[in-house]
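To keep things clear, I will list the structure first and then write my remarks on it.
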Amino acid sequence: MKESKTGRWAQALGFLGVIASLLFVAYELKQSRDIATADVYLATLQLEMEAYGFLFAEDTIRPVVDKLYTDEELLPGERRLLLEFTDMWTSLSDAVHFQYQLGLVPEEVWEAERAHLTDLLAVQCYSEFFQQWGNRNRASFVADIADILEAAPRHEGCFDG
């Protein structure tokens, strides 16, 4: 009788070991899938950034960025160029947010990215542009930066003429 009781305990422990092993394999599969999904997301972003790279030669974008630091009014074409440039960087922020949600980057990386977004949204007319453009991003990203959008400064006449 003692032997059958020991056998049952051994069998129960064996079943628990198999269950634990299966749970570990499931976790590893989920983690592999998350990493692969993030890789695809980043590869798409890389293609987008390469395409934008053709638009943003240093001699084109640098004078516009420099103008921002002098508080000089941006011309409509300059404003549009800057919005396209910051659009690219917001897509990058969305990618960081996605990786954060998957647990692939630590919270401090996401918080640094939020601080960067706060700075971007202070650019002339950018918050107004983002209000119209925000539906291009993942809804969870837009929801997580809603407080930053709400606090961003507003500018008059951003899309006139």
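The values are calculated or read from the model by the stated rules, or taken from the named source; none is laboratory data. In this text, all values refer to a predicted model and were calculated from it rather than measured experimentally. FYI the Cβ positions are ideal-geometry reconstructions off the backbone, even for glycines, and counts take in every protein chain you see. Remember, those area values only see protein heavy atoms, side chains included, never the ligands or the DNA or RNA. Shrake-Rupley method; radii C 1.70, N 1.55, O 1.52, S 1.80 Å.
A few comments on the model shown:
- Rounded to the nearest 10 Å², the accessible area of H155 at probe 1.4 Å: 60
- GluC sites (Glu not before Pro) lying in DSSP loop within segment 70-131, provided at most 13 other Cβ fall within 10 Å: E72, E73
- When chymotrypsin sites (Phe, Trp or Tyr not before Pro) are flagged only if DSSP places them in a loop and at most 12 other Cβ atoms lie within 10 Å, the longest unflagged stretch of the chain comes out as 70-158.
- Evaluated with a Cβ-only charge set (Lys, Arg +1; Asp, Glu -1), segment 1-92 carries a dipole of roughly 1280 debye about its Cα centre, given to the nearest 20.
- Fraction of accessible area attributable to carbon and sulfur, segment 51-161 (%, probe 1.4 Å): 55
- A Förster radius of 25 Å, combined with the Cβ-Cβ distance separating A139 from D59, puts the computed FRET efficiency at roughly 0.10.
- Extending 7 Å from Cα along the Cβ direction at D147 and again at H116 yields two label points whose distance is 2.0 nm.
- Once the 1.4 Å probe is applied to the protein heavy atoms, the chain comes out at 65 Å² accessible per residue.
- Extension gain, I35 to L68, is 8.1 nm, computed as 0.36 nm per intervening residue step minus the present C-alpha separation.
- Simple Cβ-charge dipole of the chain, Lys/Arg +1 and Asp/Glu -1, about Cα centre, in debye nearest 20: 1420
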